[in-house]
Amino acid sequence: MVCLLQLGQHWVNAGDGKNAYVTRADCARAAAAALVQGPGNASYDITGPAALSTADLAALAAGLRGSAVEVVDVSDEAYVQGLVEH
């Protein structure tokens, strides 16, 4: 549903949930460091620096596109239907 961001809408089914996003590059650096430095059977959790809500993401997108992005909360069923249709 990325195309909806171009229209100023971000359709989500996350409710009040938050996510601590991390880049692939950061994951790769962490994996390389773990291979070089870590003990053989250690386990690591890799997360981003801050948990972001859908409102936070919409604000970031709005800054990039130069105009407001509306968060549209939909049910799980409507979200799946939208993904299938697009």
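Readers should treat all values here as calculations from the given coordinates under stated rules, not as data from a laboratory. The shown structure was predicted, so the numbers you read here are calculated from the model rather than taken from an experiment. Here Cβ is always computed from backbone atoms with ideal geometry, including for glycine, and neighbour counts include all displayed protein chains.
Before moving on, here are some points about what is shown:
- The chain - mean residue ellipticity at 222 nm from DSSP helices (-39,500 (n - 2.57) per run, n ≥ 4, rounded to 500): -14000 deg cm²/dmol
- Per-selection Rg to Rh, region 1-80 - Cα, Kirkwood hydrodynamic radius: 1.13
- Label-point separation in nm, L60 to H86, each point 7 Å along Cα→Cβ: 1.8 nm
- Amide H within-cut-off set for V22, under 5 Å, with H built and near neighbours excluded: G48
- Full extension of the chain segment joining S53 with C27 gains 7.2 nm, where the gain is 0.36 nm per residue of separation less the Cα-Cα distance.
- Taking a span of 30 Å or more along the helix axis (Cα atoms) and a mean Kyte-Doolittle hydropathy of at least 0.0 as the rule, no DSSP H helix of the chain qualifies.
- The mean sequence separation of alpha-carbon pairs under 8 Å and at least six residues apart, normalised by the residue count of the chain, gives a relative contact order of 47 percent.
- Electrostatic bookkeeping for S53 treats Lys and Arg as +1 and Asp and Glu as -1; over the other residues with beta carbon under 9 Å from its beta carbon, the sum is -1.
- At an R0 of 35 angstrom, the distance between the Cβ atoms of E70 and V36 translates into a FRET efficiency of 0.15.
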